[in-house]
1. Going through the stretch 63-82 one residue at a time, which ones are in a strand (DSSP E or B) and either over 20 Å from residue 114 (Cα atoms) or free of Cβ contacts under 8 Å to residues at least 12 places away in the same chain (or both)?
2. Does at least one position in the stretch 117-127 carry a residue that is assigned to a loop (DSSP other than H, G, I, E, B), closer than 19 Å to residue 149 by Cα, without any contact (Cβ under 8 Å) to a residue 60 or more places away in the chain and within 16 Å of the chain's Cα centre (by Cα)?
3. Those residues that are in contact with a strand residue (DSSP E or B) (Cβ under 7 Å, 6 or more places away or on another chain) and either more than 17 Å from residue 126 (Cα to Cα) or part of a loop (DSSP other than H, G, I, E, B) (or both), I need them from the stretch 85-100; list them, please.
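Please treat every number below as a calculation from the coordinates, not as lab data. Here the structure is a predicted model, which is why all the values come from computation and not from measurement. Glycine gets a Cβ as well: all are built from the backbone with ideal geometry, and neighbour counts include every protein chain shown.
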């Protein structure tokens with residue numbers, strides 16, 4: 001095999017996928033910023049504060065387009081595949097459950113970064129319209145969580 005062809009195959013096989021991924025991330029820095037482990041620091045479930053003892057140690061891991069929530073004992077509690085529309089303000093997030101034992105259900109939400117390493121996620125229970133504000137009032141079918149990214 002000639003050297004130019006071998007070089008072209010090497011670049012195509014090994015480098016091009018990395019360039020494409022890095023290119024996508026640079027186009028959408030929001031998705032890049034979401035990646036990693038987030039400690040859930042505050043929560044409101046349908047207008048009721050989630051007790052601190054329930055949140056203590058709860059983490060959300062985001063890898064590509066999948067988010068998984070774990071309790072303090074690292075038991076998986078929730079898994080969803082998501083899509084993010086970073087062209088809207090606030091950002092729109094659509095999450096479809098992939099939790100074992102649960103049928104796929106779609107929850108619509110909004111997301112914002114309140115600081116470089118802090119974010120808020122507000123979403124409605126499946127079948128309810130997307131929230132328009134970062135709040136979860138009593139009697140609503142919305143959830144609101146604040147998270148801080150681990151270093």
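1. Of everything in the stretch 63-82, those that are in a strand (DSSP E or B) and either over 20 Å from residue 114 (Cα atoms) or free of Cβ contacts under 8 Å to residues at least 12 places away in the same chain (or both) turn out to be 63, 66, 68, 69, 70, 76, 77, 78, 79, 80, 81, 82.
2. Within the stretch 117-127, one or more residues are assigned to a loop (DSSP other than H, G, I, E, B), closer than 19 Å to residue 149 by Cα, without any contact (Cβ under 8 Å) to a residue 60 or more places away in the chain and within 16 Å of the chain's Cα centre (by Cα).
3. Those that are in contact with a strand residue (DSSP E or B) (Cβ under 7 Å, 6 or more places away or on another chain) and either more than 17 Å from residue 126 (Cα to Cα) or part of a loop (DSSP other than H, G, I, E, B) (or both): 85, 90, 91, 98, 99.
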